[in-house]
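Written below as structure tokens is the structure these notes are about.
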């Protein structure tokens, strides 16, 4: 996942298009409101911290009933004293490595029976499924963004 200014991404794609085509690498633009997972978001962190306080999102990682693994460094948020800040920092500033949480989940299989993808939609769900497939693991991937999957999760 690359995150930057739109013009930089367009330049990168154009400069590497032949190499992508040769290796059959698909370059997909994700529809996002800002460059998440990027140091470009550093000025926004104080706003995220204020929002966490405002909405009372102050859970301890030990309150989680199932593991949630970081896309940045594979750590389990259940071990985080200030889980919301760690989660927000990873989502806003840190590089996204899709394979890391999938590997962590696979290591804990068969205890892990499904993956819940909290990404923005079908693309993130597909990336999760492809990452699992790439490490030779098949688990159902439910997307919290989709009503049908969300219903399955809450039943």
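Read the figures in this text as sums done on the coordinates, not as results from a lab. Since the structure is predicted, the reported quantities are computational estimates derived from the model, not experimental observations. With ideal geometry, Cβ positions are generated from the backbone for all residues, glycine too; neighbour counts draw on all protein chains shown.
Find the percent of Cα-Cα distances in the stretch 67-106 that exceed 11 Å, and round it to a whole number.
Working: 454 of 780 pairs.
Cα-Cα pairs in the stretch 67-106 separated by more than 11 Å: 58 percent.
Report the Rg/Rh value for the stretch 37-97, based on alpha-carbon coordinates and the Kirkwood definition of Rh.
Values: Rg = 11.6 Å, Rh = 11.9 Å.
In the stretch 37-97, Rg relative to Rh is 0.97.
Among (i) 134; (ii) 178; (iii) 125, only one was calculated for this model; which label is it, if the read-out is volume of the Cα convex hull per residue in Å³?
(i)
Can you tell me which of 120-133, 60-73 comes out highest on packing, and rank the rest after it, using the mean Cβ neighbours within 10 Å? Could the numbers behind the result be given before it?
Details: 120-133: 16.9, 60-73: 14.9.
Peptide ranking by packing, descending: 120-133, 60-73.
From the helices alone, meaning DSSP H stretches of at least four residues, give me the mean residue ellipticity at 222 nm for the chain, per-run term -39500 (n - 2.57), in deg cm²/dmol to the nearest 500.
Details: 6 runs with 69 residues, N = 155.
Rounded to the nearest 500, the figure is -13500 deg cm²/dmol.
Going 7 Å from the Cα of residue 28 in the Cα-to-Cβ direction, what parts of the stretch 63-78 have a backbone nitrogen less than 17 Å from that spot?
Residues passing the 17 Å test: none.
In what sequence do 59, 77 fall when counting other Cβ within 10 Å, fewest first?
Details: 59 14, 77 19.
Sorted ascending by nearby Cβ count, the order is 59, 77.
Which values of log₁₀ I(q)/I(0), to two decimal places, follow from the Debye formula for the stretch 99-155 at q = 0.21, 0.23, 0.29 Å⁻¹ with a uniform point scatterer at every Cα?
Taking Cα atoms of the stretch 99-155 as identical point scatterers yields -0.74, -0.87, -1.19.
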